[in-house]
Amino acid sequence: MKKWVLLAALTAAICVSSGCSLKKELPETTQEESTVQPETTVTEVPASSAAETPKTTEASIPEQPNEPEEETARIVVATDIHYLARDLTDMQKSYEYTADHGDGKVMKYIWEITDAFIEEVKAEKPDVVILEGDLTYNGERESHLELAGKLESIEEAGIPVIVIPGNHDINNPEASRFEGESIISTDSITPEEFEEIYDEFGYSEAVSRDPSSLSYIYQINDKTRALMLDSCQYDPKNLVGGMIKDDTYSWIEEQMEEAWNLDMNVIPVAHHNLLDESEVYLQDCTIEHSEQLIDQLESWEVPLFLSGHLHVQHYKRSHDDSGIYEIVTGSLSTPPCLYGVLEYGEKGTFEYHTKTLDMKAWAEKTGNTDKNLLNFSEYGKKYLNKVFYNQAQDELKGLNSVQGLNEYQKDMMAKVYAELNSACFEGKVADIREKVMAKQGYKLWQNEGYPSILSQYLEWITADGARDYNTLSVK
């Protein structure tokens with residue numbers, strides 16, 4: 001974690017204090033002063049390597065002290081659980097309809113998903129679990145309390161859990177309970193109550209607290225800290241989009257300078273995205289004026305940023321061949337119910353891969369005989385396709401350009417949308433892209449779908465889906 005020169009730190013502090021839209025100007029350096037690092041490249045981790053070396057005799061090889069092994073932080077990353085307290089639904093019509101016409105969260109099994117995740121975390125034995133916000137369905141006080149109680153069992157197993165809020169979690173007027181055909185308002189929580197409920201999950205253990213938000217610094221190991229950023233807007237009520245407060249930028253700069261002085265790595269984490277991960281869905285996804293945060297973090301040579309919010313498994317780099325990487329982990333509550341495992345080295349190298357929650361193994365271990373849980377892989381695919389099929393049909397009903405199409409043609413369009421969007425959420429469009437683009441339903445979206453946002457979304461999915469977004473290794 002090295003700074004170009006001390007002058008850059010002073011320049012940065014002046015810039016960030018003047019507002020979100022101001023970009024940091026980087027100081028000019030001579031060739032001797034420049035400390036620009038070689039380009040970081042994405043690499044595949046080989047199964048084995050055997051580089052050829054010149055032949056030498058034993059006498060010609062001086063004894064070398066053993067190189068100390070690099071200290072690695074093993075981190076489990078999960079986001080967008082959207083937990084709902086059990087007593088807030090009777091599982092009847094209003095709840096079922098909301099789930100089936102929602103965004104793909106498997107709300108019927110949210111309790112089992114959460115319990116299975118907790119058991120897998122205990123088996124993984126990471127150094128820390130990071131939860132990136134949207135902990136609750138819509139910020140219900142009862143949901144927060146019940147989830148915090150469940151998280152205690154992870155800490156009792158000796159594994160720390162640290163959290164930040166998401167846009168659903170605080171001052172949410174949509175906090176509700178589901179009874180029969182009715183959706184009834186219930187209590188949400190304030191920022192102060194969020195901090196109180198999750199006091200043991202980061203806040204009481206923080207190295208530093210931001211006076212202006214729910215952001216804080218958490219020490220993961222001797223070489224690595226987590227910069228837990230509160231990117232949410234909830235005063236006087238919650239907003240979907242994200243923003244970092246001006247005063248928080250100044251606090252971030254102080255924390256980065258302290259980490260540099262201590263030769264410490266920093267992993268920034270937020271609920272909202274740092275980069276424009278989608279060319280279609282930009283509003284309310286990326287942190288407002290995120291270019292300032294990008295400049296700030298890159299000036300300290302931070303290689304990685306973690307976020308959630310999209311429910312889509314994805315990653316991106318700030319520039320084509322340089323800059324900071326952002327990894328967006330998919331929603332734990334949306335099939336295939338992914339979470340991330342990050343190995344972060346003390347020199348800023350990292351390896352990331354996703355794991356699919358093994359609901360079948362959890363059901364068998366706990367004696368649960370629900371057929372959907374015992375065959376969750378297939379059930380989850382069918383459920384997600386059903387939700388996205390409903391989304392497409394709802395969109396097509398109001399689209400004038402398709403009124404001349406018959407129901408069979410609309411059915412083909414809805415099925416193609418469901419298939420591609422499901423793969424997009426999983427980060428694996430590359431596996432099916434060519435096959436789906438050849439289907440008649442996809443061609444109908446191209447020819448008849450304009451001006452629907454879904455038509456534009458499908459174009460972006462196929463253009464973007466040239467790689468698997470479930471693994472990333474940077475050396």
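Points to keep in mind about this one:
- Helix 376-397 vs. the chain, principal-axis angle (Cα, 0 to 90°, nearest 10): 70 degrees
- Cut-off 14 Å between beta-carbons: net charge of the residues surrounding residue 123, Lys and Arg +1, Asp and Glu -1: 0
- Only beta bridges with both residues in the chain are counted; by DSSP, about 60 percent of them are antiparallel.
- As a length-normalised measure over Cα pairs under 8 Å and 6 or more apart, the relative contact order of the chain settles at 17 percent.
- Between residue 276 and residue 381, the simple spin-label model (points 7 angstrom out along Cα→Cβ) gives 3.5 nm.
- Peptides 306-318, 145-157 ranked from most to least packed by the mean count of surrounding Cβ atoms within 10 Å: 306-318, 145-157.
- Take every DSSP beta bridge whose two residues both sit in segment 294-393; close to 75 percent of them are antiparallel.
- Only helices enter the 222 nm calculation for the chain: every DSSP H run of n ≥ 4 contributes -39,500 (n - 2.57), and dividing by all residues gives -10500 deg cm²/dmol, rounded to 500.
- Paramagnetic reach from residue 430 in segment 75-93 [backbone N under 13 Å; point 7 Å along Cα→Cβ]: none
- Averaging Cα coordinates gives a centre for segment 214-263 and one for segment 366-392; these two points are 37 Å apart.
- Summed over the residues of the chain and divided among them, the accessible surface reaches 47 Å² per residue at a probe radius of 1.4 Å.
- Working note: Cα gyration tensor of the chain, eigenvalues times five, square-rooted, sorted largest first, giving semi-axes of 38, 27, 25 Å.
- Comparing 229, 82, 302 along the charge dipole axis of the chain, the residue lying farthest to the positive side is 82, per the Cβ-charge model.
- Partners of residue 365 within straight-line reach, counting lysines whose Cα lies under 18 Å from its Cα and excluding those fewer than 8 residues away in the same chain: 122.
- Computed label-point distance, nm, for sites residue 371 and residue 463 using a 7 Å Cα→Cβ extension: 4.4 nm
- Subset of 105/237; 93/360; 105/355; 382/443; 93/415; 316/347 violating a 19 Å alpha-carbon distance limit: 105/237; 93/360; 382/443; 93/415; 316/347
- The simple Förster model, with R0 at 25 Å and r as the Cβ-Cβ distance, assigns residue 409 and residue 453 a FRET efficiency of 0.80.
- Cα→Cβ-extended label distance, 7 Å offset, between residue 192 and residue 261, nm: 3.3 nm
- Taking the accessible area of the chain, probe 1.4 Å, and keeping the other protein chains in place, the carbon and sulfur fraction comes to 47%.
- Cα gyration tensor shape for segment 131-255, rounded if a/c is under 1.5, else prolate or oblate: oblate
- Fully extending the segment from residue 283 to residue 97, taken as 0.36 nm per residue of separation minus the present Cα-Cα distance, adds 64.3 nm.
- Degrees separating the helix 453-464 axis from the principal Cα axis of the chain, which is the longest one: 40 degrees
The values are calculated or read from the model by the stated rules, or taken from the named source; none is laboratory data. Nothing here was measured: the structure is a model prediction, and the numbers come from that model. For neighbour counting, all protein chains shown are included, and Cβ atoms are generated from backbone atoms with ideal geometry for every residue, glycine included. When the accessible area is computed, the model is the full protein with side chains, heavy atoms only, and any ligands, DNA or RNA have been set aside. Shrake-Rupley method; radii C 1.70, N 1.55, O 1.52, S 1.80 Å.
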